[in-house]
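The values are calculated or read from the model by the stated rules, or taken from the named source; none is laboratory data. On a predicted model such as this, the values are computed, not experimentally measured, just so you know. Cβ placement follows ideal geometry from the backbone for every residue including glycine, while neighbour counts extend to all protein chains displayed.
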Amino acid sequence: MARERILITVKTYPTLSRKHGETVCTAGVRADGSWIRLYPVPFRRLNEDEQYSKFDWVELNVRKGTSDPRPETHHPTDPKEIRAVGRIGTKYGWKDRRKVLKAVKVHQHLQPLLDGAKANQLSLALFKPARVIDFLWEECERDWDTAKVAAMRDQASQGELFADEQWRQTFKLMPKLPYNFSYKFEDADGKKSELQVLDWEVGQLFQNCLRDAKGDEAIALARVKQKYWDALLKTDLHFFLGTMQQFHGFAPNPWVIVGVLPMPYPPPVAQLEFFE
């Protein structure tokens, strides 16, 4: 067991696990720029004072994962002991965020990431696309996997998920997203790729827009694209990449976009310092 202090940079839209129920994949960086993934985290079953946001510093005890071979994965010894101990804001053109992220290696070529995942050397990375070509979506299953939902309910009835809490009385699953969102882009070698975006914020934005549009999916999708294409492409856009556990180590490309980093463009000198 080790005590870690982590700057949260990644929080994905909730997914279902037969073993862990509804979970959120969380990842971040230590002060030295090294990556760490926290899994599983039953984020929405945590009390309000136990929850955290992107760019919060958190402290917790972790142990190395045994069922997940990815090198950065660690299990929180007790998710309810995760504590936010500070936050980095966006003042002065993200000056404080840039200071921390300067320690993180920025990848601009995909091939080293593909090779690194295959060799099980890395499964998280900060990536700068050379050119973003499009923001896309594709319709997918509209309901959660019934077997996973049944397994979660079975565990809950047996008191295996947070047995000392009353969350079962009111907890409702996060709505399943009926669309997969993705970016199509080129790396510094001109290699084209299309990677799915699993960021919490794109899913939450779609749900909020759908509610505001009174269920009109076409309007909701247009508003999502307005942000992720029209607005974010005006920033110094980076991607937080992560590999999918079930494809890590053998799929031709196991990487997905687990978070977006829409940094405002800095002054020229600061921009050069960031990539040093």
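Sort out which residues of the stretch 52-77 are more than 19 Å from A31 (Cβ to Cβ) and surrounded by fewer than 17 Cβ atoms within 10 Å (Cβ to Cβ), and write them in order of number.
Matches in the stretch 52-77: R63, K64, T66, S67, P69, T77.
Is it the case that the stretch 95-103 has a residue that's at positive phi and surrounded by fewer than 19 Cβ atoms within 10 Å (Cβ to Cβ)?
No: the stretch 95-103 contains no residue that is at positive phi and surrounded by fewer than 19 Cβ atoms within 10 Å (Cβ to Cβ).
Scan the stretch 82-93 and tell me whether some residue there is surrounded by fewer than 16 Cβ atoms within 10 Å (Cβ to Cβ) and touching a Pro at 6+ places or on another chain (Cβ under 6 Å).
yes
Name the single residue that is nearest to the chain's Cα centre (by Cα) among those in the stretch 225-237 being over 11 Å from P264 (Cα atoms) and touching a residue at least 60 places away in the same chain (Cβ under 8 Å).
Here the residue is Y228.
List pairs: first residue in the stretch 40-61 and in the same structural domain as T73 (by TED's automatic domain parsing) and in contact (Cβ under 8 Å) with a residue 60 or more places away in the chain, second residue surrounded by fewer than 20 Cβ atoms within 10 Å (Cβ to Cβ) and of a type in the set (D, E, K, R) anywhere in the structure, Cβ distance under 8 angstrom, at least six positions apart or on different chains.
Correct list of pairs: R45/E165; N61/R3; N61/E4; N61/D78; N61/E81.
Name the residues in the stretch 120-139 that are in contact (Cβ under 8 Å) with a residue 60 or more places away in the chain and within 21 Å of G33 (Cβ to Cβ), would you?
Hits for the stretch 120-139 are N120, L122, S123, L124, A125, L126, F127, K128, P129.
Can you list residue pairs whose Cβ atoms sit under 8 Å apart, with the first residue in the stretch 143-156 being in a helix (DSSP H, G or I) and the second being modelled with pLDDT under 65 and surrounded by 11 or more Cβ atoms within 10 Å (Cβ to Cβ)? Count only pairs 6 or more apart in sequence or on different chains.
Close Cβ pairs satisfying both conditions: M152/L161; Q155/L161; A156/R168.
One residue is enough: does the stretch 166-174 have a residue meeting the conditions outside any loop (DSSP other than H, G, I, E, B), at pLDDT below 70 and of a type outside the set (S, T, N, Q)?
yes
I need a count of the residues in the stretch 99-111 that are in contact with a strand residue (DSSP E or B) (Cβ under 9 Å, 6 or more places away or on another chain) and either in a helix (DSSP H, G or I) or more than 13 Å from D187 (Cα to Cα) (or both).
Looking only at that region, the number is 5.
Listed residues L210, L233, L177; which is under 30 Å from K91 (Cβ atoms), hydrophobic (A, V, I, L, M, F, W, C) and outside any strand (DSSP E or B)?
None of the others qualify; the one that does is L233.
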